[in-house]
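The values are calculated or read from the model by the stated rules, or taken from the named source; none is laboratory data. These numbers were taken from a predicted model, which means no experiment stands behind them. Because the Cβ atoms are built from the backbone with ideal geometry, glycine has one as well, and the counts that use them run over all protein chains shown.
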Amino acid sequence: MTSGPLATEPFPVHVFGGPTALFEYGGLRFLTDPTFDGPGDYPAGGGSVLTKTGHSRVAPADLGRIDVVLLSHDEHADNLDNAGRALLADVPLTLTTPGAEHRLGEKTKGLADWESVQLNRPDGGTVTVTGVPAVHGPGSREDIEPFTGQVVGFVLTGNGLPTVYVSGDNASLDAVERIAERFGPIDTAVLFAGAPRFAGLFDGEPLVLDSAQAAEATKILRARRVVPVHYEGWAHFTEGRDDLDAAFAAAGLSDRLQWN
């Protein structure tokens, strides 16, 4: 895909903890996986719990206008918590998985792989948001989804705008390669990382990219800038900022990282 004249210009991405980030793109304000509840234990199904260890750096009331929520999936509290669900009621559009569309209902649109929706820009023209593959664990989607559920990533494009990839909870470099084939190079990649693991599930393999895989994904995407999210604030995240810094340094990619 050929980048427009403004494609390499950076824009602010505000990271609030966990998978939650806010950015303005084409005059529209996008929020990823909203999580604002305080520390504590949250049910995760099957009698297990997710333990939140940190506070969000912002309250929903302080966000201002949100035009679109990009929700990778709705079934885990570390991607959509109680306060996040309440916020969705005030947002005009939530883009998410087809399954979540049925569960969340009104003002929600599910995107299958490579399905796109066009959003009107305030100043004219459109932003195209395309649903892209994501696998929430090691192995094939068919093997993983019965345990961890359906997940979607997003690619945002528009005339004269940078190409943006929001990975969602993805652990598959094969999926990243397919996305790169269609959309690379990526100008800004919002990569979910943190190497979340659970004892007894998939032999302890990470359910989302570990730090070395995030660096490899950066190479595959030919990403000019990477904004990491989903690496802090929960007990099951096993790799944090120091691990990401070290992995990107080892890969010679430290200049691609942007921290907020």
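Within the range 13-49, being of a type in the set (A, V, I, L, M, F, W, C) and under 14 Å from Tyr231 (Cα atoms) holds for Val15, Phe16, Ala21. Within the range 125-137, the presence of a residue that is over 17 Å from the mean Cα position of the chain (by Cα), outside any loop (DSSP other than H, G, I, E, B), surrounded by 13 or more Cβ atoms within 10 Å (Cβ to Cβ) and at pLDDT below 95 is excluded. Apart from one condition, Ala215 fits all of (1) outside any helix (DSSP H, G or I); (2) surrounded by 19 or more Cβ atoms within 10 Å (Cβ to Cβ); (3) over 15 Å from the mean Cα position of the chain (by Cα); the exception is (1).
Against the test of being over 18 Å from Leu71 (Cα atoms), at pLDDT below 95 and either within 18 Å of the chain's Cα centre (by Cα) or outside any helix (DSSP H, G or I) (or both), the options Pro162, Pro146, Pro206 yield a single qualifying residue, Pro206.
Being under 16 Å from Thr32 (Cβ atoms) and crowded, with 21+ Cβ neighbours inside 10 Å is the requirement here; does Leu244 meet it? No; evaluated as a whole, the condition is false for this residue.
Go through the residues of the range 222-241 one by one and say whether even a single one is under 27 Å from Asp41 (Cα atoms), without any contact (Cβ under 8 Å) to a residue 40 or more places away in the chain, of a type in the set (Ser, Thr, Tyr) and not in a helix (DSSP H, G or I). Scanning the range 222-241, I find at least one residue that is under 27 Å from Asp41 (Cα atoms), without any contact (Cβ under 8 Å) to a residue 40 or more places away in the chain, of a type in the set (Ser, Thr, Tyr) and not in a helix (DSSP H, G or I), so the answer is yes. For the range 42-86, residues that are in contact with a strand residue (DSSP E or B) (Cβ under 7 Å, 6 or more places away or on another chain), assigned to a strand (DSSP E or B) and over 25 Å from Gly27 (Cα atoms) total 7.
The rows are residues; the columns are (1) of a type outside the set (A, V, I, L, M, F, W, C); (2) over 17 Å from the mean Cα position of the chain (by Cα); (3) within 29 Å of Thr53 (Cα to Cα).
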| position | (1), (2), (3) |
| --- | --- |
| Gly84 | yes, no, yes |
| Leu88 | no, no, yes |
| Thr94 | yes, no, yes |
| Pro98 | yes, no, no |
| Gly105 | yes, yes, no |
| Lys109 | yes, no, no |
| Ala112 | no, no, no |
| Leu119 | no, yes, no |
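With respect to the conditions (1) closer than 19 Å to Thr32 by Cβ; (2) surrounded by fewer than 24 Cβ atoms within 10 Å (Cβ to Cβ); (3) out of contact with any Ser or Thr (no Cβ under 7 Å at 6 or more places or on another chain), Arg225 falls short on a single one, namely (3). Taking the range 87-118, which residues are in contact with a Gly (Cβ under 8 Å, 6 or more places away or on another chain) and outside any loop (DSSP other than H, G, I, E, B)? Across the range 87-118, the qualifying residues are Leu95, Thr96, Pro98, Gly99, Ala100, Glu101, His102, Gly110, Ser116.
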